[in-house]
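Heads up: the structure comes next, in structure tokens.
Coordinate-derived values only; no laboratory data. If you're wondering where the values come from, they're calculated on a predicted model, not measured in any experiment. A quick note on method: Cβ atoms are made from the backbone with ideal geometry, for glycine too, and the neighbour counts reach across all protein chains shown.
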Amino acid sequence: MKANIFEIKRFAVHDGDGVRTTVFFKGCPLSCVWCHNPESLKKQSELSIYQHKCVKCGNCVRVCPNGAHAIKDDKHVFIRENCIACGKCEEECYFDAIKLYGKEYSVDDLLPILLQDIDFYKDSNGGVTLSGGECLLQYEFCTELLKKLKEHGINTAVDTCGCVSKTAIDSVLPYVDTFLYDVKAFDEDVHKRCTGVSNKAILENLKYLDDMGAKVEIRIPYVPAYNDNQIEKIAEFIKSLKNVTAIKVLAYHNYASSKYEAIGVKNTLPQLVPTEEDRQRAVEIIRRIVDIKVS
Amino acid sequence: MIYIKDADYEYISNKYHDTKKPFDPFMRYIRRDEIFDENTGMNGDDIKQGIFENDKKYEHLPHCIRKARGLEFVLKNTRISCDSRDIFPAINSTDRLLRVTLSDMWRNEILQNVIPENHAERINLQRKGVATIWLDYDHSVPIWDRLFDLGFSGILADSENIRKQKGKLSEEKEAFYESIKIEYEAIIGIVKRMSLLAKNTKGSEKLAVALDNISQNPPKTFYEALLLIYIYFMICEHIEGLQVRSLCNFDRQLYKFYKHDIENGVSEEQIREEIAYFFLQFTAIGNYWGQPVYLGGENADGSSVINELSYIFVDVYDKMGIFNPKVQIKVAESTPEKFMLKVLDMIRRGRNSFVLVGDKLIRQSLIKNLGVTEEEARLCDVKGCYEYAKQGDFGTGMNYINLVKPLEFVLHGGYDGIDQSFILQKSPAPYEYKTFDDLYAEYKKQLFALIDKTVEIVNGYEDYLAEINPLPMLSATIPDCLEKGLDAIARKSVSCSSFMMFGAIADVVDSLTMLKKYVYDRKELTLEEFVSIIDNNFEGHELFRQKLLNDREKYGNNKDFPDSLAVDIDESISGYLNHRKNASNRGGYWFNAGYHVARQYYEQGKKTASLPSGRLKGEELAKNSSPCVGQNREGATAAILTVTKVDATNCVGDVCLDLGVLPSAVKGDDGLQALYGLVKTYFNRGGHALQINIVDAETLRDAQKNPEKYADLQIRVAGWNVLWNNIPPHEQEGFIKQAEALI
């Protein structure tokens, strides 16, 4: 069994406790307008070109088996429909101008990579986080991987948007120490406007995890003009849960513009970026409603 | 400034340098004739002349007596000052006078007349960027506890007692004790002179009382202890001409004074103020190598040193926003998390005066290599940048070997790669290395030849160190010296080690790895072709160079092959060098002192040909045990894994990782805890020293353009911290490149 993974980030410090390695799985059921990992959306691998780094050496043209690259008038031209995402050009690009998002890994491929930092996990109460995209779209793989990680005594976290089947949740549940669970909106229509899908399953799954006694940390992206009117309602909903250990309000940022351009998809990022004061206000609202650590 | 009145701040800032003039951080000499009253003594230039005049009376006597007479002359005649705006006195003639007069005279006589060939060879190695060997009589730490327990007068009395007990002595030993007597009587004399002056200076009454006490007795109060440190430091480093490389284990050694004061009703606020005025002296001196002081570690019984005074120290330091004295933190297993989080939070905010050193590793190394006891190892001093030694030991070690030069020799039949004008011994032509192992074996031969040459040169002159720079002031604090009647630097015992440091380990590992991969494994080109490409500094082969630079199989990424080379090079050096005998007058051993390079990454880099790693001719070499600039592609954890694979117990000192971390990675509580996690793992895995820069390239670029906005931005270089604005622009580039590569 293999999974499509677009990045493995070591010394990840904001994806759960301590020093962690985060594995980013490709494919997401949501399409949030503010998505800062647009390379995660599609399930299939895809190539990105960072034009500003390209020196037009022509190595990619030389190694591409399908004529996806060309240098014309001293410009690098990428013909996306010809690309089969084989990754040969990435290997021969010495300037980091080409990156292939999405490579196949087996559990045995991943384990040695994830075990490298085991000393750090132990010294900092850290571990491994599965994220994405939505990692639980590939839940069978996740289950196998998490099982192996637990055998090595590693703390595990799953960062999920919650828009997955109950089967997926049941499958990984015994091997997950913490769920980092995104809640983007409480009102269904707002959620649809922001993400393109209903939040019915998301809220149900969250309730289900809570009933099962899972340790859950809620993450709320804060996006002015999109979900800033949802904070109170989300907090009220969290108040009805028993096992939520922490809530984090994550301020939306627009650093991801270059990634949209690089993978050749339309940039949907909102213009309005919240200030730290805006974020703090949201934190305060939540604090007034629930008695849980909010940051 | 907090704790310090504005007028006082102004006065102390101008005490050592004129702040209206441009500041030169490399200036060794601090002296301000104009702030002194001429009725208190002779001016600085007359003093300097007077030393030579005075010396004529003693020309027939041993150097130690002549030096002591020199110090006596200066301390008797130099101008002094007390001021109500400062709680520390001022002494003029603090421009390392005895070093630049008598010591330099003897040094030149010996090098040029007694061992001229040795001198010529040493200079040649330096000119060619092969090895930088400086005569070292600079890394001293007195046994502070003895100074605190006995005071200047007690040290003198102790020496005289031992002298008496010994009965009839040889002329040489008689001179040794006599030189101590002359120096300490002179020190006590100037302390008395300053006390009298303070008595007659309005607002300096407290200083007068304290000086009066330490002229006769051991220090009693916290303030008197600080005063003693200050006076010892100024006289030893800035007049006697021997650097004092630690102002003591502040929280352990000064705790009894702190406790005494608190029990006698002194407020914590007053202690904080005294510390602030003490710190400000060193901030005002401000030269780039800094004045080290250390905190933490373990007490003799293994308990943590960290106490109230440790927290007061870091808090005052933090609030003052200063960058000198520079601070080492001995991180032991028992060091409390709360203290570490405070220190790491300061580092995170750019208070880069802190370097972390691993107590466990230091103990293991001292026990393994020098046979010290567990207790001695716990109480060892941290001195210099990241060196350490049993209290009272005097190691010398300004011997910087450029590890990539032997590879240049291998690739050029034994000659250097710049202009083929230097050779130690011949090597075969490139086509004769049939396998990588052949080439690597030849590399070690050339490396060992360079080690042999360095040992020969250093042993050749180190026999004369006590003749060049006799050290009565230091020796008197060390019981072993008093017992033997021998100078601290040449006491014919294991206490006098010699150290060799090896720069650019990352460059040589990366270069060897690339040679193996592209010449021997993939056979993409022959060794001759590769040599011809680097001889042309990659001209016409930029794409190939980029391929090399982009190759991720490099030191610092937790990759098996390059890391195994680093481990093997370390073990080969240590196996070949450690426990070889040094100069007979010193009577100690040689040791590998790790991979610290001071500024040689830059100076030797200028004289190093382009490398198979893709580095161009003349570019900077890697710093310390750190990966090459831009080559740590797998991040902080991978760099730590690589560096800690090398067994740092093979080295006595100086295995230091420069860790760059982006500010965004360590923000918030999560970030601080994660940073603490990194530090813990580094030391649990046997790491020695760790210096951390938390800054992004954008900030550095902005600081380069708008220096006025970043007056307090600090960067840790190789063993010290500097203000960003004091680094020359071409060296700033190296730091920016490093920050750009952070992930």
message = My understanding is that a pair violates if its Cα-Cα distance is over 22 Å; which of B:Lys453/B:Lys607; B:Lys173/B:Lys581; B:Lys426/B:Lys623 do that in this structure?
response = B:Lys173/B:Lys581; B:Lys426/B:Lys623
task = Would you kindly work out the equivalent ellipsoid of segment A:189-231 from its C-alpha gyration tensor and give its semi-axes, the square roots of five times the eigenvalues, largest first in whole Å?
result = 23, 13, 7
note = A correct Karplus calculation of ³J(HN,Hα) over segment B:389-402, with 6.51 cos²θ - 1.76 cosθ + 1.60, θ = phi - 60°, whole Hz and x for Gly and Pro, returns 7, 4, 3, x, 6, 10, x, 10, x, 8, 10, 9, 9, 8
inquiry  = Suppose every Lys and Arg Cβ carries +1 and every Asp and Glu Cβ carries -1, with no other charges. What dipole size does the protein assembly as shown come out with about its Cα centre, to the nearest 20 debye?
reply    = 660
query = Summing Lys, Arg as +1 and Asp, Glu as -1, what charge do residues with Cβ under 12 Å from the Cβ of A:Gly126 carry, A:Gly126 excluded?
reply = -3
ask   = If you put +1 on each Lys and Arg Cβ and -1 on each Asp and Glu Cβ, how big is the dipole of segment B:399-650 around its Cα centre, in Debye rounded to 20?
value = 280
Neighbour net charge for B:Gly587 - beta-carbon separation under 10 angstrom, K R +1, D E -1 = +4
inquiry  = Compute and list, largest first, the equivalent-ellipsoid semi-axes of chain B from the alpha carbon gyration tensor, each √(5λ) rounded to a whole angstrom.
reply    = 43, 30, 23
note = tail above 19 Å in the computed P(r) of segment B:662-734, as % of all Cα-Cα pairs, reads 46
inquiry  = Compute the angle between helix A:200-211 and the longest alpha-carbon principal axis of chain A, please, reported from 0 to 90 degrees and rounded to the nearest 10.
reply    = 60
request  = At q = 0.12, 0.16, 0.20 Å⁻¹, work out log10 I(q)/I(0) for segment B:44-170 with the Debye formula, treating every Cα as an identical point scatterer and leaving solvent out; two decimals please.
outcome  = -0.74, -1.12, -1.26
note = With -39,500 (n - 2.57) per DSSP H segment of 4 or more residues and division by the full residue count of chain B, the 222 nm estimate, nearest 500 deg cm²/dmol, is -14500 deg cm²/dmol
query = On average, how many beta carbons from a partner chain sit within 10 Å of the beta carbon of a residue in B:382-388?
reply = 0
key: Crossing angle, helix A:139-151 versus chain A [Cα axis fit, 0-90 degrees, rounded to tens]   = 70
key: Rounded to 5, the percent of DSSP beta bridges in segment A:1-136 classed as antiparallel   = 75
message = Rounded to two decimals, what is the ratio between the C-alpha radius of gyration of segment B:433-517 and 2.2 N^0.38 Å?
response = 1.68
task = Over 27 Å, how big is the tail of the calculated P(r) for chain A, in percent of all Cα pairs?
result = 45
message = Taking a cut-off of 59 Å, what percent of all Cα-Cα pairs in the protein assembly as shown are separated by more than that?
response = 18
inquiry  = Between helix B:668-684 and chain B, what is the angle of the helix's C-alpha long axis to the longest principal axis, kept within 0 to 90° and rounded to the nearest 10?
reply    = 80
task = Over all directions, average the projected area of the Cα convex hull of segment A:151-295 and note it in nm².
result = 10.0
query = In peptide A:56-65, how many Cβ atoms from other protein chains are near each Cβ within 10 Å, on average?
reply = 1
ask   = Along segment A:40-53, what does the Karplus equation 6.51 cos²θ - 1.76 cosθ + 1.60 (θ = phi - 60°) give for ³J(HN,Hα), rounded to whole Hz, x for Gly and Pro?
value = 8, 5, 6, 6, 7, 5, 8, 9, 10, 10, 9, 4, 5, 8
Built amide H within the under 5 Å cut-off of B:Asp416, gap 5+ = B:Ser421, B:Phe422
remark   = Normalised Cα Rg of segment A:14-88, dividing by 2.2 N^0.38 Å with N its residue count, works out at 1.43
ask   = Rule-of-thumb check for segment B:399-650: C-alpha Rg over 2.2 N^0.38 Å?
value = 1.11
ask   = Quick one: Debye curve from the C-alpha atoms of segment B:326-376, no solvent, what's log10 I(q)/I(0) at q = 0.23, 0.24 Å⁻¹?
value = -0.85, -0.88
task = Might you report the magnitude of the Cβ-based charge dipole of chain B about its Cα centre, with Lys and Arg at +1 and Asp and Glu at -1, to the nearest 20 debye?
result = 280
ask   = Which value in Å does the Kirkwood hydrodynamic radius of segment A:46-101 take, with 1/r averaged over all unlike C-alpha pairs and then inverted?
value = 10.9
